[in-house]
Amino acid sequence: METQFSSRIKNLRRSVVRDILSFHSSNDMISFAGGLPGKEALPVEAMRKAADRVFEREGIRALQYGTTEGYNPLREWIADYLCSEGIPTGPDNILITGGSQQALDLIGRLFLNPGDQVAVTLPTYNGAIQSFELSEASLICTESDNDGPLPNEIRRAILQGAKFIYLTPTVANPSGRSISEKRRSEISEIIRTSGIPLIEDDPYSLLMFSDHSFRKMTSYMDGETILLGSFSKIVAPALRIGYIRAPENIISRMVPVKQAMDLHTSLVSQIILFEYLSHENLSKHISDAKASYRIKRDLILSELSAKLPQLKTDIPDGGVFLWGRWGSPINSSELLYLATEEGVAFVPGSSFYPDGGDNFIRINYSAPDLNRIPEGVDRLVKAYNRYHSLL
Ligand code: PMP
């Protein structure tokens, strides 16, 4: 009997990297592929203490079902943080999600019908492309310059009927670029007057290296956006805790959607995270992580420029990724195949485009150990040389 799957999953893309790694994975693999925090940035001991205190004090509650909206003290903590960023927020504006990936799924279910269009900039986060594809939406790709998406392109997307606009304004995944302050203000005005939702995906803004920080686009739009945040990159991805900040009428429409998906985000994870946030110095934790990531970024940039000058990169001011473009045309998916044979992985640029993009690669520098970075680059050079010898 032939199994009949839903039409939704017909064109759903698989992660190229997962597929290739499943063939070639070994303990010796140096991975520049995932967006994982470095080992040194995972607060194992502090989290263990937080978990111990939670289980001693309120183990029974922590192991029960919770509310769909999320654990109230955590919602309040997030609301206070957003108020400090100039975005008036109360706990009722917050919905705790299973990472911000679930927030993307929720947004798709709330807003998108098959055939709808979503405006994005390219390259764009692969998990967002995957999620919008699952909702059977198509993408309107807007052009950008160094300041960010062009205002006329945002107007075009709105005229073309985009259901919403999805942006990662600060140290975007994969490009590492940020939208300038002037452009934030210009495009916020255009989006606000159009009345269509802006999805501001913001997992990296606390990981900026320089002292500079950007105003969230949500603060330009008086909170009339859907803002996504996550604890994955600043505390630990395994907690699977992210959040949506939105006007209350939108949150209340999202609650039954989330109920149908998973009832609620893991309560034990939320309580332990809140305990951690209440006792630890998060700013110090983040600044230590950034100091380490910055050293890793500088090392990989100098290794690449010395050994692989054919790869042109920007210097990202934070986050966990380098975005590279090959000086001459290369099929990065084929190169990845050879790279994994050499024991190194990256993500081909095509993952971040609906079509094309194979002349780019994304390199993660936060996860590999510092002392493995030179060897990882050597392996990439070997793969690059083999690729050219096979042409
Ligand atoms: N948005 C962006 C831009 C990301 O880079 C990621 C993770 N790589 C996510 C959302 C999802 O993160 P999480 O579900 O772990 O919060």
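What the table shows:
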| quantity | calculated |
| --- | --- |
| Search result, residues across region 99-110 that are in contact with a strand residue (DSSP E or B) (Cβ under 6 Å, 6 or more places away or on another chain) and open to solvent by 10 Å² or more (accessible area, probe 1.4 Å) | Ser100 |
| Count of residues meeting criterion [within 16 Å of the ligand (Cβ to nearest atom) and buried (at least 20 other Cβ atoms within 10 Å of the Cβ)] in region 68-81 | 3 |
| Residue among Arg156, Arg215, Arg192 that alone is under 25 Å from Asp314 (Cβ atoms) and away from the ligand (no atom under 16 Å from the Cβ) | Arg215 |
| Members of region 267-293 found to be open to solvent by less than 10 Å² (accessible area, probe 1.4 Å) and among the hydroxyl-bearing types (Ser, Thr, Tyr), listed by number | Tyr276, Tyr293 |
| Tyr65 closer than 24 Å to Val320 by Cβ, modelled with pLDDT of 95 or more and among the aromatic types (Phe, Trp, Tyr) | no |
| Selected residue (criterion: farthest from Glu181 (Cα to Cα)) from residues of region 230-245 that are touching a Pro at 6+ places or on another chain (Cβ under 9 Å) and within 8 Å of the ligand (Cβ to nearest atom) | Pro237 |
| Strands (runs of 3 or more DSSP E) lying entirely in region 294-391 (those with 1 or more residues that are surrounded by 17 or more Cβ atoms within 10 Å (Cβ to Cβ) and of a type in the set (D, E, K, R)) | 360-364 |
| Residue in region 187-210 that is without any contact (Cβ under 8 Å) to a residue 60 or more places away in the chain, farther than 26 Å from Met254 by Cα and of a type outside the set (Val, Ile, Thr) present | no |
| Failed condition for Gln259, given (1) within 16 Å of the ligand (Cβ to nearest atom); (2) open to solvent by 60 Å² or more (accessible area, probe 1.4 Å); (3) under 17 Å from Arg75 (Cβ atoms) | (1) |
| All positions within region 222-242 that are surrounded by 19 or more Cβ atoms within 10 Å (Cβ to Cβ), of a type outside the set (S, T, N, Q) and more than 30 Å from Ala46 (Cα to Cα) | Ile226 |
| Any pair with Cβ under 8 angstrom, 6 or more apart, that starts in region 216-233 at a residue that is charged (D, E, K, R) and ends at one that is modelled with pLDDT under 95 and within 15 Å of the ligand (Cβ to nearest atom) | Lys233/Gly35 |
| Tally, over region 266-286, of residues that are farther than 16 Å from Leu207 by Cβ and assigned to a helix (DSSP H, G or I) | 13 |
| Complete set of residues in region 128-168 that are among the acidic types (Asp, Glu), touching a residue at least 60 places away in the same chain (Cβ under 8 Å) and on the phi < 0 side of the Ramachandran plot | Glu133 |
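Results for (1) surrounded by fewer than 22 Cβ atoms within 10 Å (Cβ to Cβ); (2) within 16 Å of the ligand (Cβ to nearest atom); (3) within 22 Å of Ser278 (Cα to Cα), shown as yes or no for each residue.
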| position | (1), (2), (3) |
| --- | --- |
| Cys83 | yes, no, yes |
| Gly86 | yes, no, yes |
| Asp92 | yes, no, yes |
| Thr97 | no, yes, yes |
| Asn113 | yes, no, no |
| Val120 | no, yes, no |
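The values are calculated or read from the model by the stated rules, or taken from the named source; none is laboratory data. On a predicted model such as this, the values are computed, not experimentally measured, just so you know. Ideal geometry is used to build each Cβ from the backbone, glycine not excepted, and the neighbour counts take in all protein chains shown. SASA here: full protein model, heavy atoms, side chains in, ligands and nucleic acids out. Shrake-Rupley method; radii C 1.70, N 1.55, O 1.52, S 1.80 Å.
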